[in-house]
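Peer 1: This structure is in structure tokens; I'll ask about it shortly.
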Amino acid sequence: MTTTTASATTSAGRRGAGPLRTRSRRAHSVERPRRSMVLTVATGIVLIYSLVPLVWLVINSSKTQASLFGSFGLWFSGDFALWDNIVQTLTYDGGIFVRWLANTLLYVVAGAGGATALAIIGGYGLAKFTFPGKRAVFAIVIGAVAVPGTALAVPTFLMFSQMGLTNTPWAVIIPSLISPFGLYLMWTFAAEAIPTELLEAARMDGASEVRTFAQISLPLLAPGIVTVLLFTMVATWNNYFLPLIMLRDPDWYPLTLGLNAWNAQAATAGGEAIFNLVITGSLLTILPLIAAFLLLQRFWQSGLAAGGVKE
């Protein structure tokens, strides 16, 4: 009788374990991410499309002028001349490339840095304060985001020409201070990232608005600040049309205009001798942007980690 009871219990346990195993397998299959061959192939194609120009640039920057035109573009040939090309690029025409690099850094620090600071202050104020005309400001910001920068280039040039600021660094820095997209991004980010209850608690404890903003709001806004900074930095670093119409003196050129001038010179008769300078200069131009993305990505990761533990 005892044996029969144990057998029945074991059979019941097995019958009960069956649905549990089935449910466990189903839950495991639901949690497992699905693999899409089409998505994998599409991602691989986009990755190759993005990396091939960079690989071509690195390979051809290491070639001599002779092997540059007589070899396959996606493979090394002849002597490895990357260092010689870099030195020649930095010293050509009295070191004009270094001057263009310094101008670009000036425009990025003053223009992109100022645009980021204004976007932080404006976005925080629009997100956390109520004032008359806030809806009108929102409509103006959205409308400014929709207007392309090239449509405002000619009116901006005419205005700066009347003020006598053309062919000066201010003609590039001042328009770069305005970033409607950065303002809108900081506005929406601040509205979600900073709890209003936290600000009210700080005010009840006697903290001033400046101290509340500096010690409470800014750390919470770090991922959004980095995002806006990278957007404005890339836009200012790669800015071409605005300096093209504003600047005439090559001493104030950014890298975009300077490399374009070298490229035009290389396309003329007898100008092929500096074509390797155009390629090497292009490589040196993109390295600071790559370094900026690699150095600032940890702020995105820390922001995502902080958002993942919120309740």
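The values are calculated or read from the model by the stated rules, or taken from the named source; none is laboratory data. As the structure is a prediction and not an experimental result, all values here were calculated from the model. Cβ: placed from backbone, ideal geometry, glycine included. Neighbour counts: every protein chain shown.
Peer 1: Given the options V226, V278, name the one that is without any contact (Cβ under 8 Å) to a residue 40 or more places away in the chain, assigned to a helix (DSSP H, G or I) and among the β-branched types (V, I, T).
Peer 2: On inspection, the qualifying residue turns out to be V278.
Peer 1: Here is a further query. Got a number for residues in region 82-109 being over 30 Å from A171 (Cα atoms) and buried (at least 19 other Cβ atoms within 10 Å of the Cβ)?
Peer 2: 1
Peer 1: Pick out the one residue from L287, L257, L242 that is at pLDDT 90 or above, of a type in the set (A, V, I, L, M, F, W, C) and surrounded by fewer than 18 Cβ atoms within 10 Å (Cβ to Cβ).
Peer 2: Selected residue: L287, the only one of L287, L257, L242 that is at pLDDT 90 or above, of a type in the set (A, V, I, L, M, F, W, C) and surrounded by fewer than 18 Cβ atoms within 10 Å (Cβ to Cβ).
Peer 1: Next up: Given the criteria not in a helix (DSSP H, G or I) and not basic (K, R), does I178 qualify?
Peer 2: Yes.
Peer 1: Taking A42 as the residue in question, decide whether it is farther than 30 Å from A266 by Cα and at pLDDT 80 or above.
Peer 2: yes
Peer 1: Could I ask something else about it? Of all residues being closer than 24 Å to S176 by Cα and β-branched (V, I, T) in region 246-302, which is nearest to the chain's Cα centre (by Cα)? Just the residue, please.
Peer 2: Looking at residues that are closer than 24 Å to S176 by Cα and β-branched (V, I, T), I get I290.
Peer 1: Right, something else. How many residues does region 91-113 hold that are more than 30 Å from T227 (Cβ to Cβ), without any contact (Cβ under 8 Å) to a residue 60 or more places away in the chain and not acidic (D, E)?
Peer 2: Qualifying residue count for the region: 4.
Peer 1: Residues of region 151-167 being surrounded by fewer than 16 Cβ atoms within 10 Å (Cβ to Cβ) and β-branched (V, I, T), which ones?
Peer 2: Residue satisfying the conditions is V154 alone.
Peer 1: Within region 205-214, count every residue that is in a helix (DSSP H, G or I) and free of Cβ contacts under 8 Å to residues at least 12 places away in the same chain.
Peer 2: Qualifying residue count for the region: 4.
Peer 1: Now, a different point. Every residue in region 34-86 that is free of Cβ contacts under 8 Å to residues at least 40 places away in the same chain and of a type in the set (K, R), please.
Peer 2: Scanning region 34-86 gives R34, R35.
Peer 1: What single numbered condition from (1) at pLDDT below 90; (2) exposed (fewer than 10 other Cβ atoms within 10 Å of the Cβ) fails to hold for T22?
Peer 2: All conditions are met except number (2).
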